DNA sequence: GCCCTAAACCTGAATCATTCAAGTAAAGGA
DNA sequence: TCCTTTACTTGAATGATTCAGGTTTAGGGC
């Protein structure tokens, strides 16, 4: 939890490495288990941009969204475009009970853009 | 293309099966290659809800969104909540050049909901 | 008609994140 | 002290996707 909170949309191997530095030795499996538990408990949010491994973040509860860079894969937080309890109301829910919205904006981050104009 | 258009958010194996029925024999690889090409050309849209294989759809250009059922995995189209050229404007783009927004609403579909109330 | 290049397609093996399985050690409660 | 649960371990399996050749098919130029 501390590691995820300190980091920024870390993937599992990175978390594993960081936790190992902190603790000495942990198996990758233990990290997966822990992340699952924390996620199930609602303490961690999991995001999975297509084509890249899953990432975890500690900012949870507010439903904010994510900017993902097509070139370097960086993930950045964005607040919700529509306001307060937002995005949970598509025009026509087709009878679905909607629990959560997952919004990813795809684009190019400032760094990558300045390097490849 | 015809198969994807006829179907409804099909995954690759399903497309493979359907194409094989139509043509006689195709390798899975050929299907992957074809889908990639069509996707690169912008004729097909690829969606990848976390935890499930990729799905393709022919409805492209308008940026509509998707409802995914947590129980059965069904994918349903929804029109964009905010209107015309939508969702492409988060409050603060943090310098990103935004090209596309990917919105997935997670919930329970009418069928599953009526079966497990 | 023939050659040559490019495209489409095949089979088979590799990759990589994630999960499953089963066993061991440690901790807590009765 | 015994028993059950939890945390963690190692090692193997899964499954979607991709890579890596090799082979056929189809046109275009001469």
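The values are calculated or read from the model by the stated rules, or taken from the named source; none is laboratory data. This one's a predicted model, so the numbers in the text were calculated from it and none came from an experiment. Neighbour counts are summed over all protein chains in view; Cβ atoms, including those assigned to glycine, are modelled from backbone coordinates with ideal geometry.
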note = residue A:77 vs (1) within 16 Å of DNA strand C (Cβ to nearest atom); (2) part of a strand (DSSP E or B); (3) under 15 Å from residue A:106 (Cα atoms): all pass except (1)
request  = Give B:85, B:93, B:101 a once-over and let me know the one that is surrounded by 15 or more Cβ atoms within 10 Å (Cβ to Cβ), at pLDDT below 90 and assigned to a loop (DSSP other than H, G, I, E, B).
outcome  = B:93
ask   = Can you name every residue in segment B:7-17 that is in a helix (DSSP H, G or I) and touching a residue at least 12 places away in the same chain (Cβ under 8 Å)?
value = B:12, B:13, B:15, B:16
